[in-house]
Amino acid sequence: MSEEDLKDKAIKYLKSHYSEDTVSMDIVENSVQDGNGVLHVDCTVSIGGQESDWTKWFTFQSGNVVSMDWRMR
């Protein structure tokens, strides 16, 4: 999977699980290998027009996001 594929899956996860619209997303570290691992990003999201900045860690298994940790920036 390319980093763009991982970002797309992370963006879809944020939308489907948290109703967050992604304004921007920058990869800090990508340790996903063969669809498994963690994608660490800095991102800005919007909910109802309110933007906020976050650091998020998406855990991938078999090419899909299975969980996420976060910290406000």
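Each reported figure results from applying straightforward, stated rules to the coordinates on display, with no laboratory input. Quick caveat, the model's predicted, so the values are computed rather than measured. A quick note on method: Cβ atoms are made from the backbone with ideal geometry, for glycine too, and the neighbour counts reach across all protein chains shown.
The residue that is surrounded by the fewest Cβ atoms within 10 Å (Cβ to Cβ), counting only those in region 64-73 that are in contact (Cβ under 8 Å) with a residue 24 or more places away in the chain and closer than 17 Å to residue 17 by Cα, is 64.
For region 50-63, how many residues meet the condition of being surrounded by 15 or more Cβ atoms within 10 Å (Cβ to Cβ) and either without any contact (Cβ under 8 Å) to a residue 40 or more places away in the chain or at positive phi (or both)?
Of the residues in region 50-63, 3 are surrounded by 15 or more Cβ atoms within 10 Å (Cβ to Cβ) and either without any contact (Cβ under 8 Å) to a residue 40 or more places away in the chain or at positive phi (or both).
Of the conditions (1) surrounded by 13 or more Cβ atoms within 10 Å (Cβ to Cβ); (2) touching a residue at least 24 places away in the same chain (Cβ under 8 Å), residue 8 satisfies every one except a single condition; which number is it? Of the numbered conditions (1) surrounded by 13 or more Cβ atoms within 10 Å (Cβ to Cβ); (2) touching a residue at least 24 places away in the same chain (Cβ under 8 Å), the odd one out for residue 8 is (2).
Taking region 23-35 on its own, how many of its residues are touching a helix residue (DSSP H, G or I) at 6+ places or on another chain (Cβ under 7 Å), in contact (Cβ under 8 Å) with a residue 24 or more places away in the chain and either within 14 Å of residue 47 (Cβ to Cβ) or of a type outside the set (Val, Ile, Thr) (or both)? Quick ask: steps written out before the conclusion?
At the first step, the residues of region 23-35 found to be touching a helix residue (DSSP H, G or I) at 6+ places or on another chain (Cβ under 7 Å) are 25, 27, 30, 32.
Next, from what is left, pick out any that are in contact (Cβ under 8 Å) with a residue 24 or more places away in the chain: 27, 30, 32.
Still in the running and either within 14 Å of residue 47 (Cβ to Cβ) or of a type outside the set (Val, Ile, Thr) (or both): 30.
Number of matching residues: 1.
Quick check, is residue 13 exposed (fewer than 15 other Cβ atoms within 10 Å of the Cβ), in contact (Cβ under 8 Å) with a residue 12 or more places away in the chain and aromatic (Phe, Trp, Tyr)? Judged against the criteria, residue 13 is not a match.
Residues of region 29-49 that are among the charged types (D, E, K, R) and surrounded by 13 or more Cβ atoms within 10 Å (Cβ to Cβ): 42 alone.
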